[in-house]
Amino acid sequence: MIAELEVLAPGEALFDMDGTLITHDIAESCLRRVDRMDHRNAMTEGHASVFDHYMSIPDYIGQCKYAALALGGLRVAQVEQMVDDAFASGDNEPVAAVVELAHWMSQRHRVWLLTGSPEILGEIVARRLGLRRWFGIKVPLDGDVLRTETYGVVTADVGKVEAAWVMTGRVPVFAIGDSKHDLPLLRHARVARTCGKSAGVEFPAYP
């Protein structure tokens, strides 16, 4: 499907999630559902709208961390239900061409979903798409309840490059994303593609 990949030895292929493997942003869809549930925790208490507060944060990395912290206090099953509802309602959908590429590449390479969203969301979406590896902003659990804290690499912007080293210990053979926040990772990979709003700006568009 991508000729340049045929000559590369097997390696790591890193796929952004939001706007790349799926339409729109699953964390934002879940924050809207957090508001509908009227769920608050120590981080979000006093925020009339969790989603509106998230949108008011001026920096992207701050938004990503807040989206993870806002899930604190929810059970894993509740988060799974929010993701199911987001897909059932059409707020998010698989991007068929990119999912097909991921499965094609998995025949020869190790495919990862690498996201700036909370890793719990990446895991749920990856399983939906039939992918076996995922990495995102980590939120620890108390039993089956998410804590209101994060740890490890913030997998956003340049943090995706750091995450790639933590995950694999080597330069990825391939990366694909949809926004300027994916550019550090795309520049780090041997072969890269863009889709969505950044298609063809710096790297060739896909599909």
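Coordinate-derived values only; no laboratory data. If you're wondering where the values come from, they're calculated on a predicted model, not measured in any experiment. Heads up, the Cβs are rebuilt from the backbone with ideal geometry, glycines too, and the neighbour counts pull from every protein chain shown.
Summary table below
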quantity: Cα principal axis extents for segment 79-167, largest first, Å; calculated: 36, 35, 23
quantity: Mean residue ellipticity (222 nm) of the chain, computed from DSSP H runs ≥ 4 via -39,500 (n - 2.57), nearest 500; calculated: -11000 deg cm²/dmol
quantity: Segment 57-207: projected area of the alpha-carbon convex hull, averaged over directions, in nm²; calculated: 9.1 nm²
quantity: Alpha carbon convex hull of segment 145-207, projected area averaged over orientations, nm²; calculated: 5.4 nm²
quantity: Per residue convex hull volume, Cα atoms of segment 1-145, in Å³; calculated: 114 Å³
quantity: Pairwise label distance in nanometres, Ala199 with Arg75, each label 7 Å out on the Cα-Cβ vector; calculated: 4.2 nm
quantity: Residues with amide H under 5 Å from that of Asn92, placed H, sequence gap 5 or more; calculated: Phe87
quantity: The chain - charge dipole about Cα centre, Lys and Arg +1 at Cβ, Asp and Glu -1, debye rounded to 20; calculated: 560 debye
quantity: Euclidean distance between Cα centres, segment 46-76 to segment 153-207, Å; calculated: 24 Å
quantity: Cα gyration tensor category, rounded, prolate or oblate, for segment 42-123 with a/c compared to 1.5; calculated: prolate
quantity: Ellipsoid semi-axes in whole angstrom, largest first, where each is sqrt(5λ) of the Cα gyration tensor of segment 22-82; calculated: 16, 15, 10
